[in-house]
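I have placed the structure first, in the form of structure tokens, so that the comments after it can refer back to it.
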Amino acid sequence: MLVQTTGSQVSVKIVKNKLAPPFRTAQFELEFGKGICKITEIIDLSIKHKFIAKNGTFYNLNGKNYHGKEALKRFLKQNESDQEELMKKLQDKLIADEAADKETESESEEEDSLRVVVSPDNTDDESPALVVGAAAVVVEAA
């Protein structure tokens with residue numbers, strides 16, 4: 001039996017990055033002559049977001065079991081409609097998650113913005129206290 005190597009599993013550690021946090025590790029499958037395997041990435045993200053169930057070496061997609069990742073990869077290569085369906089589900093999920101993250105981020109930014117607190121017994125001689133986060137700064141009129 002002749003065994004031919006068609007790719008490898010690669011683990012890359014990012015040491016320096018200007019746009020994202022450094023010292024992160026990425027793992028992906030690299031196919032020789034083709035690049036990063038798109039179908040493997042779809043499978044891994046689908047497992048992460050629970051569109052594909054994994055039990056040991058068995059993968060369950062739409063009620064069908066596949067023994068090993070290679071069997072599932074072959075199935076998705078042959079059935080592009082199922083592959084497109086998984087991609088569509090992933091895109092919808094990732095876009096929804098990104099929108100939720102932005103909404104949460106904008107709410108926290110609104111809470112962190114500067115607020116002027118004026119007491120009800122304020123007179124003209126007193127100026128309002130400026131509250132920044134947890135620290136209060138009192139500004140006195142000159």
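Laboratory data are not the source of any read-out in this text; all were calculated from the coordinates shown. Just so you know, these numbers come straight off a predicted model, no measurement behind them. Note: ideal-geometry Cβ built from the backbone for every residue, glycine included; neighbour counts use all protein chains shown.
Report the net charge of residues surrounding E29, where surrounding means a beta-carbon distance below 13 angstrom and charges are Lys +1, Arg +1, Asp -1, Glu -1.
Summing Lys/Arg as +1 and Asp/Glu as -1 gives 0.
Under 19 Å Cα-Cα from K73, which lysines qualify once same-chain neighbours fewer than 8 residues away are excluded?
K34, K38, K48, K50, K54, K64, K88, K89
Testing the spin-label approximation: label points 7 Å from Cα along Cα→Cβ at Q91 and K48. State their distance in nm.
The two pseudo-label positions are separated by 1.8 nm.
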